[in-house]
Each structure stands twice: as structure tokens, then as C-alpha cells.
Amino acid sequence: MRLIFLGPPGAGKGTQARILEHRFGAKQLSTGDILRRHRADRTALGERAEGYMQRGDLVPDRLIVDMVGHELESYPAGFIMDGFPRTVAQAQSFDALLASKGWRLDAVVLFDADRATLVSRLGGRWSNPRNGRTYNALTNPPIVAGVDDEDGGPLIQRVDDLPETVAKRLDVYDEQTRPLIEYYRKTGKLFEVDGLQSVDDVARAILHAIGMEQAR
Ligand code: AP5
Ligand code: MG
């Protein structure tokens, strides 16, 4: 399947993409994770992206669209776009890219959550930079604090999860990404899920919304 997960920072896009990618026969493509890898590897793209990410701004469209076009070559069977597109210009470029490959989008899943919950979730997030897995000190702690359950390595707190950067990222979402809701609603492929439910219930709601499982 070819899916987009759309929603504000902290809504649970990455958490659900990791849970559901096998079920959908699709690979998670997180532009945030890919950019963080470029930064860790000190590539030219990573160095150009760094300042934008640290401030909580979006990385320029052209850099992102080129990066996704390159990454997509290794995703022939399907994908879950996690954090892309984030502007109308990115969505238009993505439409053109999909059309050039003869691929259709199956669905766009919109995660709904209020700002106070998002701020609280991001403040408590711990991430594994090696595989993108996230935990939450309050809602989903690892077995041992600061250690990943799967690979036993250290967890980190993202620098852009500091309160002032979180506020900026949420404002940027409202200004630049929220217009995509209407953009995709017009395609008839937008499905909204309540991101405030438990992680398991959100996964169930996504499957139900796109017709893959009965809700309880
Ligand atoms: P990116 O890494 O994509 O960050 P984001 O969109 O800001 O989203 P997050 O990763 O913060 O949230 P999420 O929805 O994945 O939540 P998660 O599942 O982790 O982007 C970072 C930066 O890169 C951007 O600011 C920008 O600079 C740049 N960038 C990336 N893509 C770009 C693009 N396309 N264009 C331009 N620039 C781009 O969950 C959050 C927390 O909540 C975790 O602790 C988790 O355990 C917990 N949680 C999740 N679900 C639940 C639940 N149901 N109940 C309770 N807790 C939950
Ligand atoms: Mg994420």
C-alpha cells in the first residue's frame, strides 16, 4: 500500500508507522529520521538541514523533494510517508513524482490531537537514533529507563523537543502543513483518526478507517 501519515509533531505518526508497516506491506519513510541520519553522517544535505531543524523550521522544499525522490527508488512495494509532504508545494511535487512512476496513493491518514497533549508527549519522548523507535516517559516507558528494549543501546531526547522548539514546530505545522488537510480531503482519500486514544486503539482505528479491520 501507499500511504501518507499526516499530523502535527507528537501526534504518533512515527509510532504507528513502525507498528503498521508490515501489516501494510509497506516501509516507513520518515523524512525526519532520514534528515537526522544525514546530520549524523555530516553529509552536505545534513549540514544544510541542521539550522532549520534546530530552530524548528521546515527544511526547504527543493532539498526535501529531491531527497524523497532519491529514497523512493528503494520503496517499490509500498510506503508509509511519515512527515512528508509538509507543504502544498511538496504535495504537488509528490503528486508529479507518483504520476511519473504510475503509482497511486491509497490513503492519507490524519492524526488529530490537541496542542496540550502534543506538548506533553514530546516533552516525555525518548528515541532510539539507530532505528527511530520512540518511547514516552509517561505513556510508554522502556523496561529500563534510557535503554532501548530491542537493541539494548542508549535512548536520547531530541534537541528539537525542548519546549520553545516544540512551540515553534507546532506553529509551523499550523501555518504550513495544516493546509494539506483540505488538499487531500478534495482527493477523497483522507481518513481522520483520533490520536488521543491508546497506541493500540489508534492502530486499530487506522486499520478500520482504511477498511482493513473491524473496530471493536
Ligand atoms: P520529524 O522527525 O518528522 O518530526 P515531527 O513531524 O515534528 O514529528 P514527531 O516525530 O515529533 O512526532 P510523531 O508524530 O512521529 O510522534 P511519535 O510517534 O514520535 O521532523 C523533524 C524536523 O525535520 C522538522 O521540524 C523539520 O525541520 C524537518 N523535516 C522533516 N520532514 C520535513 C519535510 N517534509 N519538510 C521540511 N522539513 C522536514 O510520538 C510522540 C511521543 O508520543 C512519543 O514519546 C510516543 O511514545 C508517544 N505516543 C505516540 N502515540 C501515543 C499514544 N497514542 N498515546 C500516548 N503516547 C503516545
Ligand atoms: Mg516522528
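Just so it is clear, none of the values below were taken in a lab; they were calculated from the coordinates. Keep in mind that what you see is a predicted model, and the values were worked out from it rather than measured. Reconstructed Cβ throughout: ideal geometry from the backbone, glycine too, with neighbour counts over all protein chains shown.
If r is the Cβ-Cβ distance from R23 to N140 and R0 is 22 Å, what FRET efficiency results, to the nearest 0.05?
Details: r = 19 Å, r/R0 = 0.87.
Here the calculated transfer efficiency is 0.70.
The phi-based Karplus calculation (6.51 cos²θ - 1.76 cosθ + 1.60; θ = phi - 60°) puts the 3J(HN,Hα) values of segment 112-124 at 9, 7, 7, 4, 4, 5, 4, 4, 5, 5, 6, x, x Hz, whole numbers, x for Gly and Pro. Note on K186 and A116: the model spin-label points, each 7 Å out from Cα along the C-beta direction, lie 3.6 nm apart. Maximal additional length on extending the Q197-D151 stretch stands at 13.8 nm, based on 0.36 nm per residue less the C-alpha distance. The string of couplings for segment 38-45 from the Karplus curve (6.51, -1.76, 1.60, θ = phi - 60°) is 4, 5, 4, 7, 6, 6, 4, 4 Hz, one whole number per residue in order, with x for Gly and Pro.
Based on DSSP H runs of at least 4 residues, each adding -39500 (n - 2.57), what is the mean residue ellipticity at 222 nm of the chain after dividing by all its residues, to the nearest 500 deg cm²/dmol?
Numbers: 9 runs with 93 residues, N = 216.
Computed mean residue ellipticity for the chain: -13000 deg cm²/dmol.
The alpha carbon gyration tensor of the chain gives principal lengths a ≥ b ≥ c with a/c below 1.5, which makes the shape rounded.
Centroid-to-centroid, using Cα positions, segment 56-99 and segment 150-216 are 17 Å apart.
At a 10 Å Cβ-Cβ cut-off, how would you order F191, F24, fewest neighbours first? It would help to have the intermediate numbers written out before the result.
Details: F191 16, F24 22.
Lowest count first: F191, F24.
Amide H to amide H, with H built 1.01 Å from N, V108 comes under 5 Å of I4, L190, F191, counting only residues 5 or more places away or on other chains.
If the chain between R42 and A167 were fully stretched, how many nm would it gain, using 0.36 nm times the residue separation less the Cα-Cα distance? Walk me through the numbers on the way to the answer.
Working: separation 125, 0.36 × 125 = 45.00 nm, distance 2.69 nm.
Difference between extended and current length: 42.3 nm.
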